[in-house]
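This report concerns only the one structure given below.
The values are calculated or read from the model by the stated rules, or taken from the named source; none is laboratory data. Since the model is a prediction, treat every value here as computed from it, not as a measurement. All Cβ positions, glycine included, derive from the backbone under ideal geometry; neighbour counts span all protein chains shown. Each accessible area value is taken on the protein alone, full model and side chains, heavy atoms only, with ligands, DNA and RNA left out. Shrake-Rupley method; radii C 1.70, N 1.55, O 1.52, S 1.80 Å.
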Amino acid sequence: MQKRYGRITGWGAYTPSKVVTNHDLEQALDTSHEWIVQRTGICARHVAAPGETTATMSTEAGRRALAKADLDAADLDLIIVATSTPDHLTPPVSSQVQHALGAANVPAFVLVTGCTGFMYALATAQQFIAGGMYQRILIIGAELLSRHIDWTDRATCVLFGDAAGAVVMEATAVPCGVFGFDLGSDGSGAAHIIAPAAGTAEPVSATTFAEGRQFIRMNGREVFKFATRVIGRSCQASLTQAELSLDEVDWIIPHQANLRIIQSAAKSMKVPLDRFYINLEKYANTSAASIPLALCEGLDSGVIQPTDTLLLVSFGAGLTWASAVLQMEPVAAKLMSRLTAVNGVNGQYKNGVKTAVPL
Ligand code: COA
């Protein structure tokens with residue numbers, strides 16, 4: 001069988017319109033804008049309005065990604081929704097999204113690995129395409145954590161935000177897409193990010209409810225240490241698989257949890273901080289939505305070019321980690337754009353492919 005690659009042909013994100021700033025939180029909590037910024041880099045977060053759910057946010061992000069890819073929902077072969085905060089325990093939120101998009105009978109499933117969910121979904125989609133099973137896959141990372149945090153717990157509630165981000169991956173014979181990925185899990189650290197009574201282990205009761213055990217609890221220090229340990233290691237594993245060096249990467253898109261974690265990773269990887277795409281100051285940690293949200297923003301603003309070589313890296317509950325080397329445009333387009341830069345020839349995009357035009 002001819003080798004098949006998964007090309008990202010569309011992307012789209014959704015954030016709720018309501019913004020809660022650190023100054024807003026100061027009014028309700030014993031915290032300060034300065035403390036939050038100094039410890040995390042976060043200034044604001046978007047919070048879903050009543051009526052907005054993980055399904056509605058996912059559907060909107062999915063619609064935008066499909067429009068960019070110029071595809072109808074009915075053209076899809078598969079939908080993956082990465083989230084830890086579905087609308088209901090059952091039905092799976094992926095089926096709600098599939099129905100709302102109008103993707104009649106298209107298979108859909110939920111993938112739950114905490115903040116790394118989108119990355120696990122990206123690797124899964126790439127495997128379905130490389131194996132020849134599917135041609136067009138919608139991958140969504142969505143999280144509505146504002147309904148799973150205790151808004152009186154200053155150690156957690158300042159950290160999170162709500163959002164959804166999506167990409168469309170389509171099969172092509174031209175080399176592009178995910179060239180290497182690394183996934184990992186260490187369940188011995190499970191207790192470091194946990195909602196103790198939000199599952200079967202501790203059925204919700206008056207006692208668990210009174211103690212707020214349905215909310216997310218976190219051992220921030222341990223998570224911090226874990227994240228700084230795995231980021232560089234995982235990036236190196238993906239780069240080795242892709243047969244690339246860090247110098248060949250244009251942008252590192254890290255999970256947007258905490259600026260100090262990113263600074264520490266940059267230092268240990270010996271990469272200048274300005275090669276990390278960072279937008280956590282506006283959105284806080286949106287968990288499974290964080291990487292697609294950053295990717296979409298970077299592409300839409302023109303800061304990230306579709307010809308750039310990207311290194312995506314995430315970490316979170318489980319504990320889990322994941323990274324991937326992503327080349328959105330076919331490698332030939334990247335080489336051509338480098339050549340045109342060298343030869344003083346402008347490039348222009350046609351159907352998402354960079355073509356050279358003489359000056
Ligand atoms: N405002 C003001 N003070 C706060 C606060 C807040 N929002 N949150 C915690 N504090 C206080 C604590 O109560 C503690 O006070 P004490 O010394 O009187 O007991 C003090 O600040 C230090 O708390 P600590 O938890 O040790 O702070 P820290 O330097 O570890 O920073 C985090 C806390 C959460 C910012 C940091 O550990 C972190 O970012 N960890 C990673 C979390 C993460 O990214 N999780 C998501 C992974 S997907």
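Observations, loosely collected:
- Residues located in segment 136-163, provided they are acidic (Asp, Glu), within 11 Å of the ligand (Cβ to nearest atom) and open to solvent by 10 Å² or more (accessible area, probe 1.4 Å): ASP153
- Breaking point among (1) at pLDDT 95 or above; (2) within 15 Å of the ligand (Cβ to nearest atom), for GLY232: (2)
- Hey, THR113 open to solvent by less than 30 Å² (accessible area, probe 1.4 Å) and of a type outside the set (Gly, Ala, Ser) or not: yes
- Positions within segment 251-263 being of a type in the set (S, T, N, Q) and closer than 20 Å to SER287 by Cβ, in sequence order: GLN256, ASN258
- Scoring SER314 on the criteria (1) open to solvent by 10 Å² or more (accessible area, probe 1.4 Å); (2) within 16 Å of the ligand (Cβ to nearest atom); (3) among the hydroxyl-bearing types (Ser, Thr, Tyr) leaves a single failure, condition (1).
- Among the residues listed as ALA73, ALA82, the single one being under 29 Å from LEU122 (Cβ atoms) and within 16 Å of the ligand (Cβ to nearest atom): ALA82
- Within the option set ASN285, ASN258, being within 15 Å of the ligand (Cβ to nearest atom), within 17 Å of GLY41 (Cα to Cα) and either within 12 Å of the chain's Cα centre (by Cα) or hydrophobic (A, V, I, L, M, F, W, C) (or both) holds for one residue only, ASN285.
- In segment 63-87, the residues that are outside the structural domain of ASN105 (by TED's automatic domain parsing) never reach a residue that is open to solvent by 10 Å² or more (accessible area, probe 1.4 Å) and in a loop (DSSP other than H, G, I, E, B) with C-beta atoms less than 7 angstrom apart, at least six apart or across chains.
- Filtered residue count, segment 38-57, keeping only those that are among the β-branched types (Val, Ile, Thr) and open to solvent by 50 Å² or more (accessible area, probe 1.4 Å): 1
- GLY102 vs. criteria within 14 Å of THR59 (Cα to Cα), surrounded by fewer than 16 Cβ atoms within 10 Å (Cβ to Cβ) and touching a helix residue (DSSP H, G or I) at 6+ places or on another chain (Cβ under 9 Å): yes
- Filtered by the rule that a residue be surrounded by 15 or more Cβ atoms within 10 Å (Cβ to Cβ), out of contact with any Pro (no Cβ under 9 Å at 6 or more places or on another chain) and charged (D, E, K, R), segment 182-224 gives a lone residue, ASP182.
- Selection status of PHE118, within 15 Å of VAL81 (Cα to Cα) and of a type in the set (Phe, Trp, Tyr): yes
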